[in-house]
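Comments concern the structure below.
The values are calculated or read from the model by the stated rules, or taken from the named source; none is laboratory data. Predicted model, so just to flag it, every value in this text is computed and none were measured. So basically every Cβ, Gly included, is an ideal-geometry build from the backbone, and we count neighbours across all protein chains shown.
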Amino acid sequence: MLDFIMQIDDARQIEAPSQAYSTFLEPRLEPQPDLLPRRGMLIVFEGGEGSGKTTQLGRSHAWLCDEMCDEKSGDHPWHQQFSGQRLSVLKTREPGGTELGRHIRELLLHPDMVEPTQDRAELLLFAADRAQHVEGVLWPALRRGSLVLCDRFTDSTVAYQGYGRGLDLRLIQQLNQIATGGLEPDLTLWLDVAVETGLGRAQRRGSADRMEQNQIEFHQRVRQGFCELAAAYPQRIRRVDADRSADDVFQDVQQILQEAIAQWYSP
Ligand code: T5A
């Protein structure tokens, strides 16, 4: 019997991991080497409820697909830059950019249950959606050199779960790193609109989802979160005044996209 126990102990010693457990406690913050280099460009549309980002993303997608199609010719710098090669433009969103994500989106926005969703559970569901989306959709497209337009990304988690719900910002940053493996947007368009205006637009559209049903103070904190992010990352985040007609907003969006894309893909 004693021999048997000693054998088990020996086996445990042999199979023990070579690294101490404490080294696993910190999330790895560096992008994983096998995911590099990246050739495509990730452009994210962010904003509060009813800011019009989905509208602007849809218009941008249609415009870019049209501008970059093979048949186009002319004096526009893009046509010379991309002559002979078609740049693919992908439209996607969070939550819900994958099959798993569409289930998570339903759980998050239209839960069919009486039990309230706890804040940290909500945070983890958004992170699970993102991990699936990054691995399964974003990285493959970026590796192919595509231009990816994404409706919401990590800044939404900082603004909604961090500033809105009041969850720990450092925890959120670490979780975002885990979910993305270090992937960051190359450009973020923050469509900024007064909270009352945005909620009014969302209400006129139809019944409110679980996030929209939050108190107005929640949405004001969310806007403050986007404001802080824009101040912290001025190189990446471009604020667009979304308190105007969709046509006027789109003019600004086009100009920003045009400059950024030409620069990104310049030889
Ligand atoms: N969330 C998401 C988190 O809490 N954490 C996270 O990490 C992530 C990723 C997602 C929800 O999840 C939260 C944020 C959200 O609450 P969603 O449906 O993707 O849900 O997000 P919403 O912001 O709710 O997206 P919407 O599509 O509902 O709103 P948009 O995109 O801001 O606005 P849009 O374009 O759909 O327009 C809304 C209405 O306004 C009109 C449109 O026609 C439409 O009817 N409109 C305008 N009206 C007047 N002037 C303009 N300039 C207009 N632009 C659009």
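Of all residue pairs spaced 6 or more apart or on separate chains, those with beta-carbon atoms under 6 Å, a first member in region 139-162 that is surrounded by fewer than 22 Cβ atoms within 10 Å (Cβ to Cβ) and a second member that is polar (S, T, N, Q) are SER146/SER88; ASP151/THR54. Within region 209-267, being away from the ligand (no atom under 15 Å from the Cβ), among the acidic types (Asp, Glu) and either in a loop (DSSP other than H, G, I, E, B) or in contact (Cβ under 8 Å) with a residue 60 or more places away in the chain (or both) holds for one residue alone: GLU228.
Scoring LEU189 on the criteria (1) in contact with a helix residue (DSSP H, G or I) (Cβ under 9 Å, 6 or more places away or on another chain); (2) assigned to a helix (DSSP H, G or I) leaves a single failure, condition (2).
Taken over region 126-175, the residue count meeting the criterion of being within 11 Å of the ligand (Cβ to nearest atom) and over 23 Å from GLU212 (Cβ atoms) is 1. Listed by first and then second residue, the pairs with beta-carbon distance under 6 Å, at least 6 apart or on different chains, first residue in region 48-68 and within 19 Å of TRP190 (Cα to Cα), second part of a loop (DSSP other than H, G, I, E, B), are GLU49/GLU212; SER51/VAL193; SER51/ALA242; GLY52/ALA242.
Comparison of PRO111, PRO95 shows that the only residue that is within 14 Å of the ligand (Cβ to nearest atom), touching a Lys or Arg at 6+ places or on another chain (Cβ under 8 Å) and modelled with pLDDT under 95 is PRO111. For region 118-158, a residue qualifies if it is closer than 18 Å to TRP190 by Cβ and not in a helix (DSSP H, G or I), and the qualifying residues are VAL148, LEU149, CYS150, ASP151, ARG152, PHE153.
What about ARG102, is it within 16 Å of the chain's Cα centre (by Cα), surrounded by fewer than 18 Cβ atoms within 10 Å (Cβ to Cβ) and in a helix (DSSP H, G or I)?
In short, yes.
Look at GLY198 and say whether it is surrounded by 23 or more Cβ atoms within 10 Å (Cβ to Cβ), among the small types (Gly, Ala, Ser) and part of a helix (DSSP H, G or I). It is true that GLY198 is surrounded by 23 or more Cβ atoms within 10 Å (Cβ to Cβ), among the small types (Gly, Ala, Ser) and part of a helix (DSSP H, G or I).
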